[in-house]
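To start, the structure itself, in structure tokens.
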Amino acid sequence: MTALAESVAGAGGVAPETPVRPGRRGAGAWRYAVLAVLGVYFLVPIAASVWFTVRERDGVSLETYAEIPGAEGFAESLTRSLALAGLTVVLALLLMVPTVVLVNLRLPRLRTTVELLTLMPLVLPPIALVVGVRSVLSWAPDYFLNTPLAEVFFALQEPALPWILVFVYVVLALPFVYRALDAGVRGADLRTLSEAARNLGASWPRVLVSVVLPVLRTSVLNASFITVALVLGEFTVANILGFETFPTWILRIGGSQPQLSVAVSVLSLLVTWVLLLMISALDRQRGAKESS
């Protein structure tokens, strides 16, 4: 009986084999196949673009890339687009960071309303938005000439730094900025941190600067990166309103210097990838520090 009991106990202590579902072993091959197809889909056009920029009659040359810094209008259009991107990031964060924090901490009932409002730029086509903006801007010489309001309208359309583009880009970036920040807020215990800071005598602006922003650092970087990518790649609004930004400049030189325009596009894509990799590295570094 003792031997039988020991044998039964020993048999019960052995974990049964995990059943292997049919088709599970071939799932990895399908994943690699899908990744390979997607890699070919993205890399082949990029490789063709790079080959188009370096191909010469005598062989391969990087002369096209060397001509980019001195190209006519390159520095002005890039500087203007970077300034627009920076202003858009600042205004979008100033608008959305307090809103997201307030909705999550104080007004949770308004979450659905805020989400619907931030989704409106995705529902409304950009072409319809820019046509409406252009119609409003045309009121200045028609109805408000020789008034302070007309001067404001004219200042918004200054070619050196068109503020009207900043306001339109903030609206277009709202869905992405809100979701990036909202994901960071939901993943952090901001309620406990903010209440602790308030109990220690910190004001709400101090809480936002010293508590919320450090916790949402990765989310703020993601939102900023998405906004910069949107501004640097936006073409429709700037073209219809008649402003020369980086994308419209690329189109303008495409007719006379096609290799140069493609080379600039390839470089901008590489810069975007580098920024994305930097943000991912910062996110992994932060996660490693938190886990340790």
**Request:** Report ³J(HN,Hα) in whole Hz for each residue of the range 241-252, in order, from the Karplus equation J = 6.51 cos²θ - 1.76 cosθ + 1.60 where θ = phi - 60°; Gly and Pro get x.
**Result:** 7, x, 10, 8, 10, 4, x, 5, 5, 4, 5, 5
**Message:** What does the C-alpha gyration tensor say about the overall shape of the range 193-272? Classify as rounded when a/c is under 1.5, otherwise prolate if a/b is larger than b/c, or oblate.
**Reply:** prolate
**Prompt:** Relative contact order for the chain: what is it in percent, counting Cα pairs under 8 Å that are at least 6 residues apart?
**Reply:** 26 percent
**Complete:** With every protein chain kept in place and a 1.4 Å probe, the residues 231, 271 fall, from largest accessible area down, as 271, 231
**Fill in**
For the range 108-171, dividing by residue count, accessible area per residue (probe 1.4 Å) in Å² works out to 64 Å²
**Message:** With only alpha-carbon atoms in the gyration tensor, what are the semi-axes of the equivalent ellipsoid for the range 149-292, in Å, largest first?
**Reply:** 37, 23, 10
**Request:** About the Cα centre of the chain, how large is the charge dipole given +1 on each Lys and Arg Cβ and -1 on each Asp and Glu Cβ? Please answer in debye to the nearest 20.
**Result:** 1080 debye
**Request:** Indicate the gyration tensor shape class of the chain (rounded, prolate or oblate), computed on the Cα atoms with a ≥ b ≥ c the square roots of the eigenvalues: a/c under 1.5 is rounded; otherwise a/b larger than b/c is prolate and the rest oblate.
**Result:** oblate
**Message:** I'd like the Karplus ³J(HN,Hα) series for the range 200-216: coefficients 6.51, -1.76, 1.60, θ = phi - 60°, whole numbers in Hz, and an x wherever there's a Gly or Pro.
**Reply:** 7, x, 6, 7, 5, x, 5, 5, 5, 7, 8, 10, 5, 4, x, 5, 9
**Request:** Provide, in order from the shortest bin, the percent of all Cα-Cα pairs of the range 100-227 in each 5 Å bin, continuing until the bin that contains the maximum pair distance.
**Result:** 2, 9, 14, 15, 15, 12, 11, 10, 7, 4, 1, 0
**Complete:** Where a ≥ b ≥ c are root eigenvalues of the Cα gyration tensor, a/c under 1.5 meaning rounded, otherwise prolate if a/b exceeds b/c and oblate otherwise, the range 187-232 counts as prolate
**Request:** Show 153, 42, 167 ordered by accessible area, largest first, where the area counts protein heavy atoms only and the probe is 1.4 Å.
**Result:** 42, 167, 153
**Message:** Looking at the chain as a GNM with Cα springs under 10 Å, which of 262, 89, 44 has the largest mean-square fluctuation?
**Reply:** 44
**Message:** Leaving out ligands, DNA and RNA, and with a 1.4 Å probe, what % of the accessible surface on the chain is carbon or sulfur?
**Reply:** 67 percent
**Item:** Magnitude of the charge dipole, the range 125-208, Cβ model with Lys/Arg +1 and Asp/Glu -1, debye to 20
**Value:** 360 debye
**Item:** Relative contact order %, the range 160-292, counting alpha carbon pairs below 8 Å whose residues are six or more apart
**Value:** 24 percent
**Diffusion constant of the range 60-162 at 37 °C, which comes from Stokes-Einstein with the Kirkwood Cα-pair radius and 0.692 mPa s, µm²/s** = 183 µm²/s
**Asked** Can you give the charge dipole size of the range 177-292 about its Cα centre, rounded to the nearest 20 debye, using +1 on the beta carbon of Lys and Arg and -1 on the beta carbon of Asp and Glu?
**Response** 280 debye
**Item:** Inverse of mean 1/r across different Cα pairs in the range 64-123, Kirkwood, Å
**Value:** 14.6 Å
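The values are calculated or read from the model by the stated rules, or taken from the named source; none is laboratory data. This one's a predicted model, so the numbers in the text were calculated from it and none came from an experiment. We place every Cβ from the backbone using ideal geometry, glycine too, and count neighbours over all the protein chains shown. Each accessible area value is taken on the protein alone, full model and side chains, heavy atoms only, with ligands, DNA and RNA left out. Shrake-Rupley method; radii C 1.70, N 1.55, O 1.52, S 1.80 Å.
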